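The values are calculated or read from the model by the stated rules, or taken from the named source; none is laboratory data. Everything numeric here is computed off the predicted structure, so don't read it as measured data. Cβ coordinates were reconstructed from backbone atoms using ideal geometry, including for glycine residues, and neighbour counts include every protein chain displayed. Please note that ligands, DNA and RNA were not included when accessible areas were found on the heavy atoms of the full protein model with its side chains. Shrake-Rupley method; radii C 1.70, N 1.55, O 1.52, S 1.80 Å.
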Amino acid sequence: MGRHDTYTDDGAGHSTGLRVGLSVALVAVLAVGVYVVWDKTRPSCDEVQSVSVIAEGDLADYVTDIADQTESSSCFDFTVEAVPASHVDDRLAGDQAPDIWVAESQSRIRQVGTALGHTWSGIGPSIGTSPIVVAGRDLPKIQSWSKVLAMPPLRVDPPATSDVSNAAVIGALAEMSDGSMTHTQLIETLTGRALRMNDEDGTPDLKKMAADDAPSIALVSERTYATFTAESGAEAPEITATVPATGTVALDYRVANVAPTGRAVTSNDAIMALADTVKTDDGARIRAEHHIRPADGSPLPDGEGVGKVAMTDAPDRAFIDNIGRKWTALTRPIRTLVVQDVSGSMRQEAGGRSRAALLKEASLYGLGKLPKNTALGYWEFSIDRGGPGVPYREVAPIAPVMGKTDGVPNRDVLGTAIDTSLKNLGGGTGLYDTALAAFKQVYDSYDPAYSNSVILMTDGRNEDPHSITLDQLVSELNIMKNPARRIPIVTIGISDDADADALKRISDATRGSTFIAHDPKDIGSILLKAVSYRVEDA
């Protein structure tokens, strides 16, 4: 019998499995991408092969039921692990990569492959579909996806959590392709929605929406809506669902053969066995039990869901992938370690005030403007600031700005830390050792649900004669780079005294960016740009 593992997080972004004794499901494709039919004349098993599968989001139960059925007529024992979408990249790039990955869509598979610099040849056909619907109380008439994304009451999970919002963006892209909106209007719509998403909660529970008298709108899959209505039974919930007049887009539950080279053939055979099960009457029964449509998009039985709906024509694939990367980058919450120079040169005047005073004002202003889902930490640095030979000191660890430390809101903790730090100036600039240590700190505590980064601010150049060299620093950063853990160091030079060339080399080594505040009045706006910077070409 197979096993069904539920994903947990050990606090450092590493996945672990909890055994719960179930199995997994999937689709058919050869390692070279050619679909075949399972050979029903296969002889009795001389050996049962173990196959590991990760199922994205909430697909694990469906995949498990298909796998249970498959095990009764095949030579495979499946273990399925439910992995949040935000942790898939890290899981696939880890030391114990799975054999098979079931994703919410093929565009999601391409997106993750691009992020990891990997192309999987074995991407199978759909094992089911679920259209995206607009659900809510007192729904207005829905004209288009661009109108939906602009609705203030709308709540939707970010693409790092679910592919649902990506599907809505594809719908808006289709409208742009047919001339209903311009590219500029599309980007403005996406940017506005992303800003709201970073300062709001995600998709609300439909049961809570039904119990609340206030008008509400949520973006969900038909599967989620149909499950809600089925569980509500005779209570006749007041939540309804519809799709825009321009049509909708569906999640097309896809599978990828992601096994290491030595396991690829076994993984492919397992996919073929699972695909055969999906085509059977038992497969159809299981699919219906989970409120999932067949691959051809036929409506759910017994009048469930939203019935027959029009599907939009998908835009060019390259265009979808490009906008999808930008959308994901815009909506991923910020997690950054701010590292500020507190050397003696920060006392120098700039525009009638000290550099430190200007930086404090800009930092406190930026702190107040951050979205509520931001996680922020703070270090200060100058030679020996952390003790003999240690130029950096942790003032506040990375933590959610909306959280509390010893009963004090973290925004206030950070504000006090910044104020105190920039009043205690002295020593030379220990730039290189600090940059490397900050990068390692964020790397070791990496959280794949966030956009992780380091923001390093200085008004000078490295003055520590005992530190590593710039070449050594860049070499170390290049060695540590990991496509599954992108951590840009965003550098900010305060005044023209900053070593712009060194800062650029540090940022370039991590695919970050460099800003130079030539005019002290620019510090505030530059800091906000740095905090909101995204590395994935946003």
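Backbone phi angles across the range 186-202, fed through the Karplus curve with coefficients 6.51, -1.76 and 1.60 (θ = phi - 60°), yield HN-Hα couplings of 4, 4, 4, 5, 5, 5, x, 5, 4, 4, 5, 4, 6, 10, 10, 6, x Hz in residue order; Gly and Pro are listed as x. Rounded to the nearest 20, the Cβ-based charge dipole of the chain about its Cα centre (Lys and Arg +1, Asp and Glu -1) stands at 1100 debye. Placing unit charges on the Cβ atoms of the charged side chains and taking the dipole of the chain about its Cα centre, the candidate lying farthest along the positive direction among T189, C45, V164 is T189.
Counting only the Cα atoms, the range 101-202 fills a convex hull of 139 Å³ per residue.
For R108, neighbours were defined as the other residues whose beta-carbon sits under 12 Å from its Cβ, and their charges (Lys and Arg +1, Asp and Glu -1) total -3.
These residues, Y450, Y253, go from largest to smallest accessible area, 1.4 Å probe, as Y450, Y253.
Surface calculation, 1.4 Å probe, protein heavy atoms: I516 sits at approximately 40 Å² accessible.
For R287, the accessible surface of its heavy atoms amounts to roughly 30 Å² (probe 1.4 Å, protein chains only, rounded to the nearest 10).
Using a cutoff of 8 angstrom between alpha carbon atoms and counting only pairs six or more residues apart, the relative contact order for the range 83-230 works out to 33 percent.
Ordered by 1.4 Å accessible area with all protein chains kept, S221, S72, S445 run largest first as S72, S445, S221. Local charge for R193 was computed over the other residues whose Cβ lies under 15 Å away, with Lys and Arg +1 and Asp and Glu -1, and equals -1. Counting charges near D205 (Lys, Arg +1; Asp, Glu -1) among other residues having Cβ under 14 Å from its Cβ returns a value of -1. Apply the a/c threshold of 1.5 to the C-alpha gyration tensor of the range 188-346 and tell me whether it is rounded, prolate or oblate. Here the range 188-346 falls in the oblate category.
Give the shape of the range 407-499 as rounded, prolate or oblate, defined through the alpha-carbon gyration tensor: a ≥ b ≥ c are the square roots of its eigenvalues, a/c under 1.5 means rounded, and otherwise the shape is prolate if a/b is larger than b/c and oblate if not. Note, shape of the range 407-499 comes out oblate.
Heavy-atom accessible area, probed at 1.4 angstrom with all protein chains present, ranks E380, E200, E463 as E463, E200, E380, highest first.
Angle of helix 470-480 to the longest C-alpha principal axis of the chain, folded into 0 to 90 degrees and rounded to 10: 20°. What is the percent carbon and sulfur in the accessible area of the range 406-498, measuring with a 1.4 Å probe over the protein chains and ignoring ligands? Taking all protein chains in place, the range 406-498 shows 47 percent carbon and sulfur surface. Solvent-accessible area of D412, all protein chains in place: 90 Å² (probe radius 1.4 Å, heavy atoms, ligands and nucleic acids excluded). Sites listed here are trypsin sites (Lys or Arg not before Pro) in the range 120-152 whose DSSP assignment is loop and whose Cβ has at most 14 other Cβ atoms within 10 Å: K141. Debye sum, Cα scatterers, the range 155-197, no solvent: what log₁₀ I/I(0) at q = 0.17, 0.23, 0.24 1/Å? Those come out to -0.46, -0.79, -0.84, one per q. Over all directions, the projected convex hull of the C-alpha atoms in the range 49-120 averages 4.9 nm² in area. Whole-Hz Karplus values for the range 394-409 come out as 6, 9, 9, x, 5, 7, x, 5, 8, x, 10, 10, 6, x, 9, x Hz, taken residue by residue from phi with 6.51 cos²θ - 1.76 cosθ + 1.60 and θ = phi - 60°; glycine and proline positions read x. Taking the Cα centre of each part, how many Å lie between the range 100-127 and the range 178-249? Rounded to whole Å, the Cα centres lie 26 Å apart.
Per-residue 3J(HN,Hα) values for the range 239-253, derived from phi via the Karplus relation 6.51 cos²θ - 1.76 cosθ + 1.60 with θ = phi - 60°, read 7, 10, 9, 8, 10, x, 4, 7, x, 9, 10, 10, 5, 10, 3 Hz in sequence order (x marks Gly and Pro). Only one item in [x] 79, 58, 46; [y] 87, 46, 40; [z] 102, 66, 43 matches Cα extents along the principal axes in Å derived from the coordinates shown, and that item is [x]. Annotation: amide H of G128 within the under-5 Å range of A295, sequence separation 5 or more or interchain, hydrogens built in the peptide plane. For the pair S298 and N424, the difference between a 0.36 nm per residue extended length and the Cα-Cα distance amounts to 38.6 nm. Probing with 1.4 Å while keeping every protein chain in the model, the per residue accessible area of the chain equals 42 Å².
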